[in-house]
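See structure below.
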Amino acid sequence: RAEVRRAHAVEKITTDTYEDDEPSVAAHKDGSLSVAWVAYRDRADRVLARTRRQGAWSAPEEVTPEPGDIFRTAAAEDAEGNLWVFWSERAGDRWQISGRQKKAGRWQAMVRLAEAGSNMFHRAASGAGRVALVWQSFRNGQSDIYMRTLEGSVWSPEARVSESAANDWEPAVAVAADGSVFVAWDGYDK
């Protein structure tokens, strides 16, 4: 089974104010699109987002509470149609994954979703009312893949997905129409 949505024409959605990279996109059930990306200026990163509804883009909004050292974004829609944006941010010598929900037009408080170990290379997907967040975490000298899911307004405890004794990297995730979550990654086992 596949779902097809009409793609919009190519258009520039960033400004010359920042150096922009690492975009992610979420397609909403109402036909709108949200895009999040990392924006760099003055030796610091921040996450910005815009949403396209009824043919018009919103103004860029700053998602991160303050500038920092940020890597990659991921975007997904929750069961209520709210946008979630995720990013990895360096704190000392480790990386943590955070997220924020935009609900009723307002950004909610930031949530830390992965703090143990050093966490990067994340992706998110949504479907059937579920958001799945996967990432690579370096713990005890090894990289493994972890996952959390959002059901309603409750995040599951993190679960280790990869089980090999070798390093695992760069996860990808998809959520099926029945809510099943599929995770793929690059591994060094065998």
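The values are calculated or read from the model by the stated rules, or taken from the named source; none is laboratory data. All values derive from a computational prediction rather than experimental measurement. Positions of Cβ are backbone-derived with ideal geometry, glycine not excepted, and every protein chain shown enters the neighbour counts. Heads up: the accessible areas ignore ligands, DNA and RNA and are worked out on the full protein's heavy atoms, side chains in. Shrake-Rupley method; radii C 1.70, N 1.55, O 1.52, S 1.80 Å.
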Self-check item: Every residue from region 9-57 that is surrounded by 10 or more Cβ atoms within 10 Å (Cβ to Cβ) and not in a strand (DSSP E or B)
Solution: ILE13, THR14, THR15, THR17, TYR18, HIS28, GLY31, SER32
Quiz item: Is it the case that some residue within region 156-172 is modelled with pLDDT of 95 or more, within 13 Å of the chain's Cα centre (by Cα), surrounded by fewer than 15 Cβ atoms within 10 Å (Cβ to Cβ) and among the aliphatic types (A, V, I, L, M)?
Solution: yes
Quiz item: Inside region 117-129, can you point out the residues that are open to solvent by 50 Å² or more (accessible area, probe 1.4 Å) and either at pLDDT 95 or above or over 24 Å from THR51 (Cβ atoms) (or both)?
Solution: ARG123
Practice problem: Considering each residue of region 73-100, count those that are more than 22 Å from ALA176 (Cβ to Cβ) and out of contact with any Leu (no Cβ under 7 Å at 6 or more places or on another chain), and give that number. | Solution: 13
Quiz item: Looking only at region 130-155, which residues are surrounded by fewer than 17 Cβ atoms within 10 Å (Cβ to Cβ), part of a strand (DSSP E or B) and among the polar types (S, T, N, Q)?
Solution: GLN142
Practice problem: Pick out the one residue from GLU66, GLU61 that is of a type outside the set (Lys, Arg) and touching a Ser or Thr at 6+ places or on another chain (Cβ under 9 Å). | Solution: GLU61
Quiz item: Of the residues that make up region 63-76, is at least one without any contact (Cβ under 8 Å) to a residue 60 or more places away in the chain, assigned to a strand (DSSP E or B), at positive phi and in contact with a Phe, Trp or Tyr (Cβ under 7 Å, 6 or more places away or on another chain)?
Solution: yes
Practice problem: Could you please tell me which pairs satisfy a Cβ distance under 6 Å, a separation of 6+ or placement on different chains, a first residue in region 27-48 that is without any contact (Cβ under 8 Å) to a residue 24 or more places away in the chain, and a second residue that is open to solvent by less than 20 Å² (accessible area, probe 1.4 Å)? | Solution: SER32/THR51
